[in-house]
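The values are calculated or read from the model by the stated rules, or taken from the named source; none is laboratory data. Since the structure is predicted, the reported quantities are computational estimates derived from the model, not experimental observations. Quick reminder, even Gly has a Cβ in these numbers, built from the backbone with ideal geometry, and neighbours come from all protein chains shown.
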Amino acid sequence: MKLYNTLTRRKDEFEPLVPGKVGIYTCGPTVYMFSHIGNFRAYIFSDTLRRVMEYLGYEVKHVMNVTDVGHLTSDEDTGEDKLEKGAREEGKTPEEIARFYEQAFFDDAAKLNILKPHVVCRATDHISDMIELVRRIEANGYAYRTSVGLIFDTGKYPEYALLSRLNLAEQQAGARVAVDPERRNPSDFALWITNQPKHLMQWESPWGRGFPGWHVECSAMSIKYLGERFDIHTGGIDHIPVHHTNERAQNFAATGKEVVVRWMHNAFLVIGDARMGKSEGNLVTISELQERGVSPAGFRYLCQTALYRMPLNFTAESLQSAQNSLRGLVDFGRNAQAWPVNDAAWIEPFKQEFKDAVADDLNIPQGLAAVWSLVREGNQRQDRAAWEAILDFDRVLGLGLEQLAGAAAEVPSQVEELVAARERARKARDWAESDRLRNEISELGFLVEDTPAGARVKPRP
Ligand SMILES: [Zn+2]
């Protein structure tokens with residue numbers, strides 16, 4: 001299997017540290033608001049990585065954190081905590097906010113068939129691990145104190161910019177940090193923040209009462225659950241210049257090792273020319289997609305049509321096209337269920353094509369091409385073996401095809417009446433009324449197809 005590594009900027013052969021096993025750490029959600037579909041592209045990517053690994057026979061341990069403290073509203077080391085800001089605006093405690101949005105995140109993730117990571121770890125449950133990590137960093141001479149708290153001295157780590165490949169000026173621009181005269185280097189960042197009396201969530205520490213810097217949690221928890229050297233760390237490309245660069249520096253300062261062997265990053269979901277993000281004001285949640293009649297599986301299909309390292313265009317047309325493709329697959333499955341399984345030897349080249357594609361740096365679009373070749377061939381042969389192979393591929397795609405194809409086509413009477421009215425309109429050659437009724441039926445979640453035997457209605461996938 002070949003995978004890209006952001007650290008080396010190369011695609012090369014994946015060799016696990018322990019044969020047959022893979023450790024993956026994914027930067028999880030900051031739970032102060034609903035996650036949007038741009039966030040979920042990243043989680044579909046890490047989920048797909050895990051699924052491909054399992055498909056290829058690896059035993060995977062997938063770890064994801066939940067940030068419920070320490071992520072400030074800017075990249076500076078002072079200012080309000082995102083959780084506390086959310087709590088103040090909603091008149092709740094930070095814990096109430098965190099638990100509510102954590103549950104909402106996992107509800108949305110389940111709708112998208114994102115498998116729950118084997119370990120889900122909250123930052124607030126790991127404060128002592130973070131203090132221990134920071135203590136090691138300090139003991140190894142990588143930290144100094146200012147009035148803000150304990151600061152990481154990036155000047156002590158010559159490889160600091162290796163992951164981002166940015167020079168100092170670009171790094172500063174990326175971090176958007178105001179110059180602090182107490183800092184030795186502009187890229188230095190806080191490990192432990194003190195003297196912030198307005199913060200609600202604070203803990204005792206060797207450096208005074210305070211709270212950990214955001215980057216500390218991912219270093220501490222990834223090392224705790226995956227060890228001082230592990231295979232893969234994932235996240236969005238926005239994490240490269242600051243969060244992951246700082247994690248990597250902390251890891252080295254604490255352990256003397258390059259803890260993460262391979263860094264993998266997904267590109268953004270883009271609308272027009274802009275990435276989807278809170279500051280861009282163009283957020284869409286999973287629930288909003290559903291209100292527009294888009295199924296979570298349809299969105300997941302859309303994500304699988306682009307390579308994870310390429311920007312994904314989110315438009316009404318691209319969504320519609322993904323929904324149509326998914327519907328085509330589900331229709332194929334419904335038809336195929338009536339066919340016998342014949343000699344399945346003809347399937348093997350398609351299976352190999354799919355496996356080769358996903359093992360080539362997760363080339364899922366190429367994998368989908370194999371799926372569609374199989375659909376064409378399966379239709380000609382009327383062989384259910386094709387559908388069974390596609391269900392096997394769905395262990396990687398995560399579309400939930402078996403469930404979608406098996407879903408009982410229960411049609412509410414309201415829809416049946418509309419279908420009958422549409423039939424009457426068609427007989428009267430009132431095409432405008434017929435189209436209007438078709439749209440009304442579609443808004444209720446059903447599709448109507450005109451066949452020689454009359455109108456057929458079925459749920460939209
Ligand atoms: Zn992280």
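Looking across the range 213-231, the residues that are touching a residue at least 40 places away in the same chain (Cβ under 8 Å) and within 12 Å of the ligand (Cβ to nearest atom) come down to Gly213, Trp214, Val216, Glu217, Cys218, Ser219, Ala220, Met221, Ser222.
Condition first: modelled with pLDDT of 95 or more, under 30 Å from Ala297 (Cβ atoms), assigned by TED's automatic domain parsing to the domain that holds Cys27 and under 22 Å from the mean Cα position of the chain (by Cα). Can you find one or more residues in the range 122-129 that meet it? Yes, the range 122-129 has at least one match. Of Leu7, Leu83, Leu17, Leu72, all but one fail to be within 16 Å of the ligand (Cβ to nearest atom) and surrounded by fewer than 21 Cβ atoms within 10 Å (Cβ to Cβ); the exception is Leu7.
Checked against the criterion of being of a type in the set (Gly, Ala, Ser), modelled with pLDDT under 90 and not in a loop (DSSP other than H, G, I, E, B), the candidates Ala169, Ala178, Ala220 yield just one match: Ala169. No other residue among Gln337, Gln366 is polar (S, T, N, Q) and at pLDDT 95 or above apart from Gln366. Out of Phe354, Phe446, Phe393, one residue alone is crowded, with 20+ Cβ neighbours inside 10 Å, modelled with pLDDT under 90 and within 30 Å of Gln290 (Cβ to Cβ). It is Phe446. When the range 237-254 is filtered for residues that are near the ligand (Cβ under 10 Å from one of its atoms) and in contact with a Gly (Cβ under 9 Å, 6 or more places away or on another chain), the ones remaining, listed by number, are His243, His244, Asn246.
The listed residues are Val119, Val66, and the only one of them that is at pLDDT 95 or above, surrounded by fewer than 19 Cβ atoms within 10 Å (Cβ to Cβ) and in contact with a strand residue (DSSP E or B) (Cβ under 9 Å, 6 or more places away or on another chain) turns out to be Val119. Those helices (runs of 4 or more DSSP H) of the range 232-341 in which at least 2 residues are at negative phi, without any contact (Cβ under 8 Å) to a residue 60 or more places away in the chain and buried (at least 21 other Cβ atoms within 10 Å of the Cβ), considering only elements entirely within it, cover 245-255, 316-336. Within the range 20-48, being within 15 Å of Thr234 (Cα to Cα) and within 16 Å of the ligand (Cβ to nearest atom) holds for Gly23, Ile24, Tyr25, Thr26, Cys27, Gly28, Pro29, Asn39, Ala42, Tyr43, Phe45, Ser46. Scoring Ala110 on the criteria (1) within 13 Å of the chain's Cα centre (by Cα); (2) buried (at least 18 other Cβ atoms within 10 Å of the Cβ) leaves a single failure, condition (2).
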